[in-house]
1. Return the only residue of 137, 122, 126 being part of a helix (DSSP H, G or I) and within 9 Å of the chain's Cα centre (by Cα).
2. Is it true that some residue in region 74-83 is in contact with an Asp or Glu (Cβ under 6 Å, 6 or more places away or on another chain) and assigned to a loop (DSSP other than H, G, I, E, B)?
3. Looking at region 103-118 only, could you name the residues that are closer than 11 Å to residue 91 by Cα and free of Cβ contacts under 8 Å to residues at least 60 places away in the same chain?
4. Looking only at region 56-94, filter to residues that are aliphatic (A, V, I, L, M) and out of contact with any helix residue (DSSP H, G or I) (no Cβ under 7 Å at 6 or more places or on another chain); which one of those is farthest from residue 107 (Cα to Cα)?
5. With respect to residue 67, is the statement that it is at pLDDT below 80, on the phi < 0 side of the Ramachandran plot and not in a loop (DSSP other than H, G, I, E, B) true?
6. Within the set of pairs 6+ apart or on separate chains, which have a first residue in region 51-79 that is under 30 Å from residue 103 (Cα atoms), a second that is in a helix (DSSP H, G or I) and of a type in the set (Val, Ile, Thr), and C-beta atoms under 7 Å apart?
7. Only one of these is under 21 Å from residue 141 (Cβ atoms) and assigned to a strand (DSSP E or B): 38, 47, 58. Name it.
8. Find the residue count for region 96-116, including only residues that are at pLDDT below 95 and over 13 Å from residue 25 (Cβ atoms).
Amino acid sequence: MNQESKPASETLPQVIEPRMIEPKQSQDIIELAKALSKAQGEFITPKKDSDNPFFKSKYADLATIWDSCRKILSSNGLCVIQTTEVSPPEIVVLRTMLLHNSGQWIVSKLCMKPIKNTPQDIGSCITYARRYSLSAIVGIAAEDDDGNMASDNKNIKLPERKTFTKKDVAKDSLEHI
């Protein structure tokens with residue numbers, strides 16, 4: 001069976017149920033939330049500049065995600081730390097922490113199982129987890145990437161995105177009051 005015809009379960013790392021014991025955020029995150037809100041207003045959509053040969057698609061790689069947010073996070077007093085460990089049996093654990101210069105923080109934990117227990121597959125799994133965790137914790141949404149094929153359905157048709165004007169948003173906001 002060639003790589004292109006394998007089901008997604010054999011080409012993508014498996015997400016494992018996280019068992020988070022430690023706190024997920026500092027006692028107060030008001031300053032962090034203000035800074036992140038400001039930063040999110042400045043983010044641009046990362047370019048899909050990498051090729052996924054298995055699904056014949058493009059995606060924003062980890063470096064592109066970092067390039068789209070690093071300076072903006074820093075200028076708003078925010079930083080991200082990502083640490084890894086391997087937990088038996090063959091589970092990669094990634095902790096992504098978003099910190100604010102006030103000392104406030106939030107953390108996420110993602111556990112994944114590489115396809116195989118080789119250095120290449122473990123490295124790929126870590127990079128994959130870092131890319132998605134970084135995007136999630138700072139709220140960056142790259143256009144749909146290789147994750148859209150995780151279901152092994154190669155004929156996925158994404159809905160058209162509607163463009164909203166400031167007037168549309170203001171009108172919608174008033175309707176909920």
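1. Values: 122 fails: within 9 Å of the chain's Cα centre (by Cα); 126 fails: within 9 Å of the chain's Cα centre (by Cα).
Being part of a helix (DSSP H, G or I) and within 9 Å of the chain's Cα centre (by Cα) holds for just one of 137, 122, 126, which is 137.
2. First pass over region 74-83, keeping only residues in contact with an Asp or Glu (Cβ under 6 Å, 6 or more places away or on another chain): none.
Checked region 74-83: no residue is in contact with an Asp or Glu (Cβ under 6 Å, 6 or more places away or on another chain) and assigned to a loop (DSSP other than H, G, I, E, B).
3. Passing the criteria: 116, 117.
4. 60
5. Details: at pLDDT below 80: no; on the phi < 0 side of the Ramachandran plot: yes; not in a loop (DSSP other than H, G, I, E, B): yes.
Criteria not met by residue 67.
6. 62/127; 69/138; 73/138
7. Working: 38 fails: assigned to a strand (DSSP E or B); 47 fails: assigned to a strand (DSSP E or B).
After ruling out the rest, the residue left standing is 58.
8. Of the residues in region 96-116, 7 are at pLDDT below 95 and over 13 Å from residue 25 (Cβ atoms).
The values are calculated or read from the model by the stated rules, or taken from the named source; none is laboratory data. None of these values were measured; they are calculated from a predicted model. Cβ atoms come from the backbone with ideal geometry, glycine included; neighbour counts cover every protein chain shown.
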